[in-house]
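Structure record follows, encoded as structure tokens.
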Amino acid sequence: MESNTGRVFIMDHPLIQHKLSIIRDKNTGVKEFREMISEIATLIAYEATRNLPLEETTVETPISPAKCYHLAGKKLAIVPILRAGLGMVDGVLTLIPAAKVGHIGLYRDHETLKPVKYYCKLPSDISEREVFVVDPMLATGGSAVDAINFIKEEGAVKITLMNIIAAPEGIAAVQAAHPDVDIYCATVDEKLNENGYIIPGLGDAGDRIFGTK
Ligand code: PRP
Ligand code: URA
């Protein structure tokens, strides 16, 4: 039966959970934090690309012909939400190196918690591409909802959201606004605090990736 909200896939793989414990730790330094964000992104991408279409092919092994499957050549795009989403791009490109990369710059107004757009540059053929939006944090969901709106306005129809830590509030917001979008994340945390930060979360992902605080 077709579901009328996007599905949420939580990656409880031991390697992801181990790396998550490192990025949550307030004593983890910038270098290791960045490395872990990238490695977790690779592991989440492995699962998020599970349904990419395949085509049958035949290759000659040294022994005999073998029926094989290769990717059907579907065009893909990765769209990080700046800044923190940038930390996930290389990790996803490790698995899908031919993907094009768009950028959407959004920051949350600290008073209203609403996202403010300051940059948007997407591949010109984004409407023909399957799009993976990446951002380590899904808090109120405002940034992800707006980013997906911009991408849909450009004509993209198949969009998947990849986060590392999601709050229930953010998941509900994305599901309400974009019921066609599946979410892949490493964990769903408890809730948001009064400043819109995820509890327990990992603090400000952008500041921790770029060492700006
Ligand atoms: C963070 C994070 C998300 C957003 C999530 O970015 O990377 O984009 O907050 O919050 P939301 O779900 O409530 O919208 P931030 O606004 O701190 O900007 P930065 O990455 O430039 O630091
Ligand atoms: N953005 C972050 O970087 N961290 C949070 O906990 C919430 C939004």
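Points worth noting:
- Checking each residue in region 67-89 for being more than 22 Å from residue 152 (Cα to Cα) and either polar (S, T, N, Q) or surrounded by 15 or more Cβ atoms within 10 Å (Cβ to Cβ) (or both) picks out only 87.
For every residue, the table says whether it meets (1) within 14 Å of ligand 2 (Cβ to nearest atom); (2) open to solvent by 20 Å² or more (accessible area, probe 1.4 Å).
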site	(1), (2)
173	yes, yes
177	no, yes
181	no, no
191	yes, yes
195	yes, yes
199	yes, yes
202	yes, no
208	yes, yes
213	yes, yes
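- Residue 16 satisfies every condition listed in (1) farther than 19 Å from residue 90 by Cα; (2) open to solvent by less than 70 Å² (accessible area, probe 1.4 Å) except (1).
- Residues that are assigned to a strand (DSSP E or B) and open to solvent by 90 Å² or more (accessible area, probe 1.4 Å), drawn from region 56-66: 56, 58, 60
- Test: residue 43 is touching a Ser or Thr at 6+ places or on another chain (Cβ under 9 Å) and at pLDDT 95 or above: no
- Evaluation of residue 195 against the conditions (1) more than 18 Å from residue 106 (Cα to Cα); (2) at pLDDT below 95 shows that the sole unmet condition is (1).
- Of everything in region 195-213 that is part of a loop (DSSP other than H, G, I, E, B) and touching a helix residue (DSSP H, G or I) at 6+ places or on another chain (Cβ under 8 Å), the residue that is farthest from ligand 1 (Cβ to nearest atom) is 200.
- Where a residue in region 193-213 is on the phi > 0 side of the Ramachandran plot and its partner, wherever it lies, is open to solvent by less than 20 Å² (accessible area, probe 1.4 Å) and more than 6 Å from ligand 2 (Cβ to nearest atom), with Cβ under 7 Å and at least six apart: 201/165; 201/189
- Neighbours by Cβ (under 8 Å, 6+ apart or cross-chain): first from region 51-77, closer than 30 Å to residue 100 by Cβ and free of Cβ contacts under 8 Å to residues at least 24 places away in the same chain; second exposed (fewer than 10 other Cβ atoms within 10 Å of the Cβ) and β-branched (Val, Ile, Thr): 68/58; 68/59
- Residues in region 114-140 that are buried (at least 24 other Cβ atoms within 10 Å of the Cβ) and closer than 17 Å to residue 166 by Cα: 132, 133, 134, 135, 136, 137, 138, 139.
- Test for residue 123: is it touching a strand residue (DSSP E or B) at 6+ places or on another chain (Cβ under 7 Å) and at pLDDT below 95: no
The values are calculated or read from the model by the stated rules, or taken from the named source; none is laboratory data. Just so it is clear, the structure is predicted and the values come from calculations on it, not from any experiment. Please note: Cβ atoms are built from the backbone with ideal geometry, for glycine as well, and neighbour counts cover all protein chains shown. We work out accessible area using only protein heavy atoms, side chains counted, and drop any ligands, DNA or RNA first. Shrake-Rupley method; radii C 1.70, N 1.55, O 1.52, S 1.80 Å.
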